[in-house]
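One structure is given below, encoded as structure tokens.
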Amino acid sequence: MKRHSTPEPGLIPKPASLRMLSGSAFHLTPATAIMVSPASAAARATAKYLAAVLRPSTGFPLPIRASPGSAESVIELRLGGTDRRLGTEGYTLQAGSRRLVVASPTAAGLFYGVQTLRQLLPPDIFSPRLITRTPWVVPALRIRDVPRFAWRGLMLDVARHFYDKASVLRFLDLMALHKFNTLHLHLTDDQGWRLQIRRYPKLTQVGARRTASPLKGDRKESDGIPYGPYCYTREDIRELVAHARQRFITVVPEIEMPGHALAALSAYPTLSCTGSLFQPRTRWGVEADVFCAGKDETFRFLENVLDEVIALFPSPFIHIGGDECPKDRWQKCPACQARIQAEGLKDEHELQSYFVRRMDSYLRSKGRRLLGWDEILEGGLADGAAVMSWRGTAGGIAAARAGHDVVMSPTTHCYLDFYQSLDTDREPEAIGAHLPLHQVYAYDPIPAELTPAQRGRILGVQGNLWSEYLYSWRDVDYMAYPRAAALAEVAWTPQAERDYDQFTGRLASHLPRLDLLGVCYRRPAREST
Ligand code: TNX
């Protein structure tokens, strides 16, 4: 007789190692308890999270206990142990008859084990409505899992289009399911300032609305429709950060400087070189007016803004943008030219470097680290600052060689705002370039040209959702998924374990989960676009 072995579950991201066992499966029933050992606030919090996410579809009470008691079966969350190879985020999971144990030396590891457990259950565990089933079965297996990279990020541009707090909370929930641990929020740009700053109320009174946007479908025209005011209050941010923290996600704020700053200059025009009256930009693209690098007032303003940002966001890194800063105004500005003279700088590029170094030393004095797009390398970068490589990988390679930490986010593999198919007539309007699912999956963030020591500088990888054409959270879903699922695997799974055909097989089991979660993803097409 042919032996039927249990098929491997469709886990995304794929764990570092998984072994199917021959013993009996684990049964989740109305008489299952969650056991926390030893009792700790951290493990209890994750136990509560687990009970809450399993509740809508199972309807089971899943009490949290310190011992098995009379439970029919037990999910044990075991925090502790000294297995150093599990690092700060690894875990083990063993499922068998009557007992399923998730173990980790860290609370983060336990949380990732719980995410794996959710995916080990039948897909309708993700149903928001009650499913009548007993038992829910997890096949007997053993998993040992450690992420490849410490930075597993997604960036959400909330400046060009804004997504309300509820949408971002949901975005964080989906990130957690895919074991992402960093949400980079692009909070300010030419077209909008989205963060309430107490000391400078005009930033949101003036900077959080624009009179029009490019017309949907014909970007050369204006739609003539006012947009905003939209921003996050301080309370919103506190809630987002707390929700993220419970999911072991760090929220990295980005305040753009010296370029992409027109919304701020509209509120406080004296921070520009010309002092003219501005309005938040109504077209996409790059604005010529930028923060004046000559006036001390600019630096005082930015330091005060960063003080409030630091108070709201516990992230060790603060992103200061630094990309696409045209030098036209600086070339003609007496204050900027005087600064170049006084500081002995060669040109406006060195002035940008001066700007970034000055912000770097300020952030350092507050115990934080500066992170910026790869343009911040131009003219020399302060020690300790980290680089996000977006214009290909050359910036990341140069930065790693110079001893800086790097997050890889090249347009070629990580720009989730690009078209997903070459058949652009059948896709919602996007930024122009093309990034199919398989190309995201194919990315290896470690450049072959680096030495082993330099490779250690690559903190990880991030997918970017620039939002010029992402009008609502549904568009965000559509562009993010399933490419973010591919990126999650790039970020988490050992390179040797990755295989695109296998991934698409697992994705077929994963999409029903996303369906039940109401994710408006793009259904992968058969054609290899
Ligand atoms: C470049 S990537 C930008 C953004 C745009 C994006 C569109 C980067 C650091 N700057 O301002 O939104 O292209 O893909």
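A compact table of results
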quantity: Distance-filtered residues of the range 57-89 - backbone nitrogen under 17 Å, label point 7 angstrom along Asp124 Cα→Cβ; calculated: 57-60
quantity: Rough spin-label spacing in nm, given labels placed 7 Å along Cα→Cβ, for Gln341 and Ala496; calculated: 6.3 nm
quantity: 0 to 90° range, to nearest 10: angle between helix 483-492 axis and the chain longest Cα axis; calculated: 80 degrees
quantity: Packing-based ranking, highest mean first, of 234-243, 10-19 given that Cβ atoms within 10 Å are counted; calculated: 10-19, 234-243
quantity: Net length gained if the chain between Asp83 and Glu429 were fully extended (0.36 nm per residue, minus Cα distance); calculated: 119.7 nm
quantity: Potential extension, Ala311-Gln246 segment - 0.36 nm per residue separation minus Cα distance; calculated: 21.5 nm
quantity: For the range 12-161, convex hull volume per residue from C-alpha positions, Å³; calculated: 132 Å³
quantity: Relative contact order %, the range 299-373, counting alpha carbon pairs below 8 Å whose residues are six or more apart; calculated: 46 percent
quantity: Relative contact order %, the chain, counting alpha carbon pairs below 8 Å whose residues are six or more apart; calculated: 14 percent
quantity: Listed peptides 465-471, 510-516, 480-486 by packing density, highest first (mean Cβ within 10 Å); calculated: 480-486, 465-471, 510-516
quantity: The range 153-267 - convex hull of the alpha-carbon atoms, volume per residue in Å³; calculated: 112 Å³
quantity: Residues of the range 245-285 with amide N under 15 Å of a point placed 7 Å along Cα→Cβ from Ala212; calculated: 279-284
quantity: Count of lysine pairs in the chain with Cα separation under 16 Å (8 or more residues apart, or interchain); calculated: 5
quantity: Alpha carbon centroid spacing (whole Å) that separates the range 390-414 from the range 452-529; calculated: 20 Å
quantity: Mean accessible surface per residue for the range 1-157, computed with a 1.4 Å probe while every protein chain stays in place, in Å²; calculated: 44 Å²
quantity: 0 to 90° range, to nearest 10: angle between helix 165-177 axis and the chain longest Cα axis; calculated: 50 degrees
quantity: 0 to 90° range, to nearest 10: angle between helix 234-246 axis and the chain longest Cα axis; calculated: 40 degrees
quantity: Evaluated at q = 0.07, 0.08, 0.10, 0.11 Å⁻¹: base-10 log I(q)/I(0), Debye formula over Cα of the chain; calculated: -0.42, -0.54, -0.82, -0.98
quantity: Sum of -39500 (n - 2.57) over DSSP H runs of 4+, divided by residues of the chain (222 nm, nearest 500); calculated: -9500 deg cm²/dmol
quantity: DSSP beta bridge pairing in the chain, given as percent antiparallel to the nearest 5; calculated: 35 percent
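The values are calculated or read from the model by the stated rules, or taken from the named source; none is laboratory data. Since this is a predicted model, take the numbers as computed values, not measurements. Quick reminder, even Gly has a Cβ in these numbers, built from the backbone with ideal geometry, and neighbours come from all protein chains shown. Accessible surface is based on the protein model in full, side chains and every heavy atom, while ligands, DNA and RNA are left aside. Shrake-Rupley method; radii C 1.70, N 1.55, O 1.52, S 1.80 Å.
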